[in-house]
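Q: Attaching a single structure in structure tokens format; questions to follow.
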Amino acid sequence: ALERVLRGQETSMGQMALKAWVQLTGEHRQARLNEKAQLETQDEVNGIRQQMQEFAARKKAQAQAVLDRMAQASDTGLMAHIFSVWRTDLEEEQVAKQEALAVREKMSGQKL
């Protein structure tokens, strides 16, 4: 009778050890799967971050190009305006000189 009780306890202990081993193995397997999934997720996040940084760099370069073109257009427009004003001023001054010469000639032709 004692032998049966001892064998029953050995069997129970063996089953308990096997259950504990199966549970521990399952937990380790789940931990490895979780770690693998976490690494994959981290890789995806890093990839997305890299894409966002590249996109931001491209957009920054595009915005800078637009600003450069606008500044160049402003400079070109300003220079064109200045030359136009100078030309108009020069033409007005030439007309004024011609009128002054005409007036001088009239006055010199008249004797008081």
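The values are calculated or read from the model by the stated rules, or taken from the named source; none is laboratory data. Quick caveat, the model's predicted, so the values are computed rather than measured. When we count neighbours, we look across all protein chains shown, and the Cβ atoms used for this are built from the backbone with ideal geometry, even at glycine. In case anyone asks, the SASA skips ligands and DNA or RNA and just uses the protein heavy atoms, side chains included. Shrake-Rupley method; radii C 1.70, N 1.55, O 1.52, S 1.80 Å.
Q: If only one of H81, H28 is at pLDDT 95 or above, open to solvent by 90 Å² or more (accessible area, probe 1.4 Å) and either of a type outside the set (A, V, I, L, M, F, W, C) or out of contact with any Lys or Arg (no Cβ under 9 Å at 6 or more places or on another chain) (or both), which one is it?
A: H28
Q: Let me ask another. State yes or no: is G47 small (G, A, S), at pLDDT below 90 and surrounded by 10 or more Cβ atoms within 10 Å (Cβ to Cβ)?
A: Against the criterion (small (G, A, S), at pLDDT below 90 and surrounded by 10 or more Cβ atoms within 10 Å (Cβ to Cβ)), G47 does not qualify.
Q: Residues being within 33 Å of the chain's Cα centre (by Cα) and of a type in the set (K, R): count how many of those fall in the range 64-102.
A: The qualifying residues number 1.
Q: Kindly evaluate Q62 against the criterion of being open to solvent by 100 Å² or more (accessible area, probe 1.4 Å), without any contact (Cβ under 8 Å) to a residue 60 or more places away in the chain and not β-branched (V, I, T).
A: No; evaluated as a whole, the condition is false for this residue.
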